Amino acid sequence: MFKKVLIANRGEIAVRIIRACRELGIATVAVYSQADATSLHVKMADQAVCIGPPPNRDSYLSIPNIVTAAIITGCDAVHPGYGNLSETVAFAENCEIAGLKFIGPRPATIEQMQDKAQAKNLMERAGVPVIPGTKGVLTNEAEGLKTAKKLGYPVMIKAAAGGGGRGIRIVRSDDEFKRNLPLAQAEAQASFGRPEVYLEKYIEEPRHIEVQILADEFGNVVHLGERDCTVQKKSHQKLLEESPSVAITPQQRQQIGTWAVKGAKSVGYVSAGTMEFLLDRQGKVYFMEMNTRIQVEHCVTELVTGLDLLKWQIRIAAGEKLPFAQKDVELRGHAIECRVNAEDPNRNMMACAGVVKRFQAPGGPGVRVDTHLYSGYEVPAYYDSLLAKVVTWGRDRDEAIARMKRALGEMIVEGLPTTIPLFLRILDDEEFRAGTINTDFVPRKFHT
Ligand code: ADP
Ligand code: ADP
Ligand code: MG
């Protein structure tokens, strides 16, 4: 097992990783920007190193600064968390060159899955159904027009290196396509450093269903059931996730689980990972992309499986073998996660910063809170708006929902507007309760 792990991230996920390391008896090194000196992960880690000025590119995205921090503190491994450098091939490679184990898949696997168009090709070859579209990235406008005609409008233009819900455009005609193609390419270049885009059929009123997998270095791959992330903003950012999904049958669960395992095996995947799918109105499921990292919403899977995904991810990286097989994975009860973000409902849910004057986390049966908040903490303006994840477990969905309402009602975050009021409305919504929603639910009903 590792002796000391550097955590190349901030916020709640840095705290989550420190907790996993501590339970495994591993020492931790936090890194932080000048804007994060008073952050909880800095206080909680055994050691902390300042890696630069506030902007992400100068600190949490600085490969030399982070690798150097790991070397001078004598770390033997690096955990990248999510976002930031978690899916950056050069970071994983540089860690390995420096003799640091990157806690995630091999750099070559990250590279294969990072280009979302290429990932779809690989999965299709492995026998997994994928959302129809261009085979690989779009090479020119004429090819795009031809493909769009074949698929039928509307179609999606998506950035091959996109993520976080960004870099996705819907177009409804040849004219719109021609107008949006250069814009999409420029936006992709600016946001993700690569201009490539691909085309995809627009799935009407879809649900987002994803499958968690764990794969060790010995070829053992298991899936841990699905998460339903259909409650999203208009900008395709997930707000609320749950497991199991109310929209699929046990047969479908088994089918997509089998696809996820087959897809992961076909690329020799190692580590925790997620295969994302869309479910259409006819009940057909298509592969959309793979995230080669731990996800924000991993906690709901932890609550229904009883497995600690962070600890398994670390153990697998340390060369341990998964001691359980697919038949040993039992899904119990129902779990829901709400992403409590610092966002202002009066300003179109714009992210906001400022001092959290008072913070009180909810508790009691079936409630888990992953957060970096404390009373008096100042939320910096530079990073994403996630403040806390409130996760509840119940014997069934109704109990999980009742506990979530109770927990969010108990929670106190003073000084900043949050998404809590929005969640309280969602949790009481008839369509949400009935489980009949699609990704259009939040934009249509809550104008967000
Ligand atoms: P998850 O897939 O775990 O639900 P999100 O899509 O909410 O995660 O993204 C988690 C964080 O990672 C967010 O801060 C998001 O902006 C960032 N992120 C994810 N993918 C990318 C990417 N390709 N480029 C830049 N940031 C990304
Ligand atoms: P990211 O890399 O940003 O996570 P994804 O490809 O996973 O992007 O898509 C994010 C969300 O965008 C999906 O959950 C879904 O709501 C919407 N979306 C993406 N592709 C399509 C599509 N072809 N049809 C309909 N909705 C889509
Ligand atoms: Mg995605």
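Just so it is clear, none of the values below were taken in a lab; they were calculated from the coordinates. Here the structure is a predicted model, which is why all the values come from computation and not from measurement. Methodologically, a virtual Cβ is constructed for each residue, glycine included, from the backbone with ideal geometry; neighbour enumeration extends over all protein chains shown.
How much length is gained if the chain between Cys50 and Leu145 is pulled fully straight, taking 0.36 nm per residue apart and subtracting their Cα-Cα distance, in nm to one decimal? Each step should come with its number before you reach the end.
Details: separation 95, 0.36 × 95 = 34.20 nm, distance 4.95 nm.
Gain on stretching Cys50 to Leu145: 29.2 nm.
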Practice item. Please go through region 372-448 and write out the trypsin sites (Lys or Arg not before Pro) that DSSP classes as loop and that have at most 16 other C-beta atoms within 10 Å. Key: Arg395
Check your understanding: With charges only on Cβ, +1 for K and R and -1 for D and E, what is the dipole size of region 207-446 about its Cα centre, in debye, rounded to 20?
Key -> 180
Review point. Which value in deg cm²/dmol, rounded to the nearest 500, describes the helix-derived mean residue ellipticity at 222 nm for the chain, given -39,500 (n - 2.57) per DSSP H run of n ≥ 4 and division by the residue count?
Key: -10000 deg cm²/dmol
**Study point:** Furthest towards positive pole of dipole, Ala325, Pro380, Gln360, structure part region 207-446, Cβ charges
**Key:** Ala325
Point to revise | Long-range amide H partners of Met349 with built H, under 5 Å | key: Asp344
**Study point:** Fluctuation leader among Ala184, Ala117, Ala159 - the chain, Gaussian network, Cα springs under 10 angstrom
**Key:** Ala184
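Let me check I have the definition right: for the chain, take the eigenvalues of the Cα gyration tensor, multiply each by 5, take square roots. What are those semi-axes in whole Å, largest first? Mind showing how you got there, number by number?
Details: eigenvalues 189, 141, 114 Å².
For the chain, the semi-axes come out at 31, 27, 24 Å.
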Review point. Each label point is 7 Å from the Cα along the Cα-to-Cβ direction; what then is the distance between the points at Asp440 and Lys178, in nm?
Key: 2.9
Point to revise | Sorted by Cβ density within 10 Å, fewest first, the residues Glu431, Glu111, Glu289, Glu210 | key: Glu431, Glu111, Glu289, Glu210
Practice item. Find how many whole Å separate the alpha carbon centroid of region 203-282 from the alpha carbon centroid of region 47-113. Key: 27
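Students often get this wrong, so check it: of Lys389/Lys445; Lys135/Lys265; Lys201/Lys389; Lys116/Lys234, which have C-alpha atoms separated by over 30 Å?
Values: Lys389/Lys445 23 Å; Lys135/Lys265 21 Å; Lys201/Lys389 32 Å; Lys116/Lys234 21 Å.
Too far apart for the 30 Å limit: Lys201/Lys389.
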Study note, to complete from the structure: Projected onto the charge dipole of the chain (unit charges on the beta-carbon of Lys, Arg, Asp and Glu, signs +1, +1, -1, -1), the Cα from Leu224, Ala69, Thr139 with the largest positive-side position is that of Thr139
Study note, to complete from the structure: The answer for Ile131, listing residues at least 5 apart or on another chain whose modeled amide H is closer than 5 Å to its amide H, is Phe287
Review point. Using Cα pairs under 8 angstrom and six or more residues apart, how large is the relative contact order of region 109-230, in percent?
Key: 23
Practice item. Bin width 10 Å, alpha-carbon pairs only: give the P(r) of region 252-314 as whole percents, running from 0 to the bin holding the largest distance. Key: 19, 49, 29, 3
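Evaluate Rg over Rh across region 1-125, taking Cα atoms for both radii and Kirkwood's formula for Rh.
Details: Rg = 14.7 Å, Rh = 14.7 Å.
Rg/Rh: 1.00.
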Check your understanding: How long is region 132-201 along each principal axis, judged by its Cα atoms, biggest number first, in Å?
Key -> 29, 22, 21
Exercise for review: For region 4-103, give the magnitude of the charge dipole about the Cα centre (Cβ charges: +1 Lys/Arg, -1 Asp/Glu; no others), in debye to the nearest 20.
Suggested key: 240
Check your understanding: Ordered by residue, what ³J(HN,Hα) values in Hz, to whole numbers, does region 297-313 give under the Karplus form 6.51 cos²θ - 1.76 cosθ + 1.60, where θ = phi - 60° and Gly and Pro are x?
Key -> 8, 4, 4, 5, 5, 4, 6, 7, 9, x, 9, 8, 5, 5, 5, 5, 4
Practice item. Using the charge dipole of the chain (Lys, Arg: +1 at Cβ; Asp, Glu: -1 at Cβ; taken about the Cα centre), state which of Tyr60, Leu307, Asn438 has its Cα farthest towards the positive end. Key: Asn438
Check your understanding: At a Förster radius of 35 Å, what calculated FRET efficiency corresponds to the Cβ-Cβ distance of Arg166 and Ala108, to the nearest 0.05?
Key -> 0.85
Review point. So for the pair Arg425, Asp280, with labels modelled 7 Å out along Cα→Cβ, what separation do we get in nm?
Key: 3.2
Practice item. Report ³J(HN,Hα) in whole Hz for each residue of region 419-424, in order, from the Karplus equation J = 6.51 cos²θ - 1.76 cosθ + 1.60 where θ = phi - 60°; Gly and Pro get x. Key: 7, 4, x, 4, 5, 5
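Counting alpha carbon pairs within less than 8 Å and at least 6 residues apart, what relative contact order, in whole percent, applies to the chain?
So the answer I get is 14 percent.
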Point to revise | Mean projection area, nm², convex hull over Cα of region 72-213 | key: 10.0
